[in-house]
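Have a look at the structure below, then the notes.
The values are calculated or read from the model by the stated rules, or taken from the named source; none is laboratory data. Computed from a prediction, not measured in an experiment: that's the story for all the values here. Because the Cβ atoms are built from the backbone with ideal geometry, glycine has one as well, and the counts that use them run over all protein chains shown.
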Amino acid sequence: MTDDSSDASLWPTHAAPKAVPLYEVVKRQITEAIFEGRWPPGTVLPNEIELAERFGVAVGTLRRALNDLTKEGLLARRRKTGTVVTDRTPQISLRFLLQYFRLHGLDGGLQRAVARTLKVTAGPATGEEAAGLRIAPGEEVLRIDRLRMVEGLPAMLDHYTLSPTRFPVVPREVAEMPTLIYTHLIEAGGLRISAVREKLAAEAATPEVAAELGLEPGAPILVIEETVYDQLNAPVILALHEASTARHRYVNELQ
């Protein structure tokens, strides 16, 4: 097992938003550290008192966050060892759905992905985008393109379309884009997700997509069309994911 959790560079640094319960903030910060690979499987977390001090919360608040993450499968409590980051698939709830990387290795193992923003562009909504987001045709939208890497190899392209009027907190510069977009929208943009609709299809990679994913043109890829709805049941985010199936399988578990 590794014990890298004492390295200050691995600790989340963003401030807790006032509108979110503190234990939820701690859960999200721990989740982000795990999903970004800063706390890899086998990492032993400090004891609860030290961990609470580092997060600036009461021990009871910290314990509630750890208990939830243990139930969800991200952490495990082990005698004589303490709290450890697992390598198991989390028990996915709607809260985790859009943070969790759902491509697994061919052996079924959970993959840790690193996302890199390729570009951010603004422009008038196409007819299809306007209909999908229920906005006026031609209204400005932001388009975010990202590439996810697993063990240094390209795994999936992500394309997001959203309204900057609805989410003015979304940066327009590549260098300022947060690693976990949905966490940013939840914490800074007030997003409350009520539902997610996905459509999956097997398609042949175009030359452009194949080049980004390191595949031959025409190679089979998994295409996931995603619509995210807020608490008013309004569509607020359109996403398209194009994933290589050469080394991965798509796994989605909801409870």
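Before we move on, is residue 148 basic (Lys, Arg) and within 28 Å of residue 40 (Cα to Cα)?
Yes.
Determine, yes or no, whether residue 32 is acidic (Asp, Glu), in contact (Cβ under 8 Å) with a residue 60 or more places away in the chain and buried (at least 17 other Cβ atoms within 10 Å of the Cβ). Yes. Out of everything in the range 12-46 that is among the β-branched types (Val, Ile, Thr) and in a loop (DSSP other than H, G, I, E, B), what residue ends up being modelled with the lowest pLDDT? Selected residue: 13. For the range 39-53, the tally of residues that are over 26 Å from the mean Cα position of the chain (by Cα) and of a type in the set (Val, Ile, Thr) stands at 1. Of all the residues in the range 137-153, those that are modelled with pLDDT under 95 and either in contact with a Cys (Cβ under 8 Å, 6 or more places away or on another chain) or on the phi < 0 side of the Ramachandran plot (or both) number 5.
Restricting to the range 206-225, give me the number of residues that are without any contact (Cβ under 8 Å) to a residue 40 or more places away in the chain and surrounded by 14 or more Cβ atoms within 10 Å (Cβ to Cβ).
8
Considering only residues of the range 166-182 that are free of Cβ contacts under 8 Å to residues at least 24 places away in the same chain and not in a loop (DSSP other than H, G, I, E, B), which is surrounded by the most Cβ atoms within 10 Å (Cβ to Cβ)?
176
Right, residue 227: of a type in the set (Val, Ile, Thr) and out of contact with any helix residue (DSSP H, G or I) (no Cβ under 9 Å at 6 or more places or on another chain) or not? No: the conditions fail for residue 227.
Could you go through the range 199-221 and let me know if any residue there is assigned to a loop (DSSP other than H, G, I, E, B) and under 23 Å from residue 183 (Cβ atoms).
No, the conditions are met nowhere in the range 199-221.
Of all residues in the range 128-162, those being of a type outside the set (Lys, Arg) and in a strand (DSSP E or B) number 18.
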